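Written out below as structure tokens is the structure these notes cover.
The values are calculated or read from the model by the stated rules, or taken from the named source; none is laboratory data. None of these values were measured; they are calculated from a predicted model. Glycine also receives a Cβ, built like all others from the backbone with ideal geometry; neighbour counts cover every protein chain displayed.
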Amino acid sequence: MHGAVPAVWIVCVSSDGASVKAEVSCPKRFEGSQFEDFHHRIFVLNESFEPSFDPNDVDSDTFDDFDVNISRKL
């Protein structure tokens, strides 16, 4: 079909450290690297959360060491 434009679906995920957002979008057209409008836009997730710990504030005694046994399956 001459002149047909394929449908493009995009999964967008963003996080700022205190929330996470996700959507699945089918933009109508692009202007440069930006979307102009959408055929479909489905918001999947928009959740706020408290970080469980600061990864930069972990001392060596925070986690227990454990052994992992690895064997070849015959």
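Determine whether Val58 is surrounded by 10 or more Cβ atoms within 10 Å (Cβ to Cβ), at pLDDT below 85 and in a loop (DSSP other than H, G, I, E, B). Taking the combined requirement at face value, the residue satisfies it. The set of residues in segment 1-26 being in contact (Cβ under 8 Å) with a residue 12 or more places away in the chain and either among the polar types (S, T, N, Q) or over 13 Å from Leu45 (Cβ atoms) (or both) consists of Ala7, Val8, Trp9, Ile10, Gly17, Ala18, Ser19, Ser25, Cys26. Scanning segment 1-47 for residues that are in a loop (DSSP other than H, G, I, E, B) and β-branched (Val, Ile, Thr), we see that the one that is surrounded by the most Cβ atoms within 10 Å (Cβ to Cβ) is Val8. Remark: pairs (first residue in segment 28-42, under 13 Å from Ala7 (Cα atoms); second residue loosely packed, with under 10 Cβ neighbours inside 10 Å; Cβ separation under 8 Å; 6+ apart in sequence or on different chains) = Lys28/Asp37; Arg29/Asp37; His39/Ala7.
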